[in-house]
Amino acid sequence: MPALLSALFALLTAVANATGTVLQRIAARTVPPGDAFSVRLVRHLVHSPAWLTGIAVIVGAAACQALALNLGSLSLVQPILVTELPFTLLIACAFSRRRLPAAGWAASLMVAFGLGLALVAAAPSGGHSHVSAGMWVLTLTSTAGAMTVCVVAALPRPRGMARAAFFSSASAIGYALTATLMSSATDVFEQRGAGGFFTSWQTYGFVASGAMALFLLANAMESGPLVASQPALTLGEALVSLALGMLVYGERVRTGWWLVPEGVGAVLVTWGILILPGVDTEGSEPSAT
């Protein structure tokens, strides 16, 4: 039952994140090019009702994600969040009053089936809540370093596919780190209550990393279309989260012959995610006006 509830809250997180992504995309498309990656970008966005509503929805998503991580493992929760992309396109179609093309439905079903197959085969389990200081230092330095590399690669590039993909990859790493820290913070809350939660460095760590990931995502949205940013965000966050779950918490997935259905599921998910943003660029992206 805890695993089922965890999966349900993870699915609610995906729906809420998708709604927030569409609203942020609407707001980001109105940002002047010269305001990218600056305080002016934030100043512009905080005056946008769409962006503020998107932030409120994302805060709700974070609460659902915290509940999901409290009930289940990082390796179970984070892969479910790849369903955010199909939900994003469905919600974008609703905003723009368009129908999702047949290719979009086919790709969405591909993602859903592939994810279900991979999770059933992998059966994420195990893990521990105690993490050494050395492991936290390694986790923080490696993720911060990878994010910095992506940002440095993005900044010299003009607005377009590459710039959006690099910013989105940095955001994906930031969101994976946020989930890792949030999982630790929710364990502290369960063991020591609200007092322990608000005095734990992981609580402030996941807030800071989440804010940075959100800022980087805003830059990805401003830099180019969803076809560039969304696959890197969706796949990157899932893969980095799986790696951190195994590295930091010692979570396990089944190996041996189970790797065959896991691989088939992963291929279907990747294929569907690469198709879906292309479907969106054919006309389902909402207008900023």
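Would you work out the relative contact order for the range 132-289, in percent, from Cα pairs under 8 angstrom that are 6 or more residues apart?
This gives 27 percent for the range 132-289.
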Check: Quick one: length gained pulling VAL46 to TRP257 fully straight, 0.36 nm per residue minus the C-alpha distance?
Finding: 70.9 nm
Checklist line | Rounded if a/c under 1.5, otherwise prolate or oblate - the range 75-159, Cα gyration tensor axes | finding: oblate
Check: Which peptide among 213-223, 267-277 comes first, and what is the full order, when sorted by highest mean count of other Cβ atoms within 10 Å?
Finding: 213-223, 267-277
Notebook entry, point to check: Quick one: if the Förster radius is 25 Å, what FRET efficiency do GLN191 and LEU109 give, using the C-beta to C-beta distance and rounding to 0.05?
Noted result: 0.05
Notebook entry, point to check: Summing -39500 (n - 2.57) over the DSSP H runs of n ≥ 4 in the chain and dividing by its residue number, what mean residue ellipticity at 222 nm do you reach, to the nearest 500 deg cm²/dmol?
Noted result: -27000 deg cm²/dmol
Next item on the list: Report the relative contact order of the range 41-127, percent, no decimals, based on alpha-carbon pairs under 8 angstrom and at least 6 residues apart.
Entry: 30 percent
Next item on the list: Over the chain, calculate the relative contact order: mean separation of alpha carbon pairs under 8 Å at least 6 apart, over the residue count, as a percent.
Entry: 30 percent
Next item on the list: Report which label in (1) 71, 70, 34; (2) 127, 38, 30; (3) 48, 41, 31 holds the value of Cα extents along the principal axes in Å derived from the coordinates of this structure.
Entry: (3)
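Quick note: the coordinates plus some simple rules give every number you see, no bench work behind them. What you are looking at is a predicted structure, and each value in this text was computed from that prediction instead of being measured. Backbone-built Cβ (ideal geometry, glycine too); neighbour counts: all protein chains shown.
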